[in-house]
Amino acid sequence: MNRTQEIKQTFGLAVRKIRLEQQMSQEKLAEKTELHRTYISEVERGERNISLINISKIANALNISLSKLFLTIEREESDTNEGK
């Protein structure tokens, strides 16, 4: 897997983790971000190369700062690398 695919998957895992911790459905996150539910699903599966604008929308909808979102991504990445 190349680095681009890895970061997309790591980002998606972090978004999913935070969303589930908040007991929020994909539908609700989609509604709050004004993005389609299938788009959110593709982000969580690491299939989308997401823009900074949409990253910001997701962080806002999850009521977290961009820095906290990226910190969660770094932690997910670290956990993934430890498992290799």
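The values are calculated or read from the model by the stated rules, or taken from the named source; none is laboratory data. Worth saying up front: this structure is predicted, and the values here are computed from it rather than measured. Here Cβ is always computed from backbone atoms with ideal geometry, including for glycine, and neighbour counts include all displayed protein chains.
Scanning the range 51-67 for residues that are among the aliphatic types (A, V, I, L, M) and not in a loop (DSSP other than H, G, I, E, B), we see that the one that is farthest from Leu13 (Cα to Cα) is Ile53.
Among residues of the range 26-45 being among the hydrophobic types (A, V, I, L, M, F, W, C) and in a helix (DSSP H, G or I), the one that is nearest to Ser65 (Cα to Cα) is Leu29. One residue stands out among those in the range 49-77 that are of a type outside the set (Val, Ile, Thr) and within 13 Å of Arg16 (Cβ to Cβ): the one that is modelled with the highest pLDDT, which is Leu62. Looking across Gln23, Gln5, one residue alone is of a type outside the set (D, E, K, R) and either part of a helix (DSSP H, G or I) or buried (at least 19 other Cβ atoms within 10 Å of the Cβ) (or both). It is Gln5. For the condition in a loop (DSSP other than H, G, I, E, B), surrounded by 14 or more Cβ atoms within 10 Å (Cβ to Cβ) and touching a helix residue (DSSP H, G or I) at 6+ places or on another chain (Cβ under 8 Å), what is the one hit in Arg48, Arg16? Criteria check complete, one pass: Arg48. Taking (1) in contact with a Ser or Thr (Cβ under 7 Å, 6 or more places away or on another chain); (2) at pLDDT 95 or above; (3) among the hydroxyl-bearing types (Ser, Thr, Tyr) in turn, Thr80 satisfies each apart from (2).
Rundown of residues vs (1) touching a residue at least 60 places away in the same chain (Cβ under 8 Å); (2) surrounded by 16 or more Cβ atoms within 10 Å (Cβ to Cβ); (3) more than 20 Å from Glu6 (Cα to Cα); (4) touching a helix residue (DSSP H, G or I) at 6+ places or on another chain (Cβ under 9 Å), yes/no style:
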| position | (1), (2), (3), (4) |
| --- | --- |
| Ala30 | no, yes, yes, yes |
| Glu44 | no, yes, no, yes |
| Ile58 | no, yes, no, yes |
| Glu77 | yes, yes, no, yes |
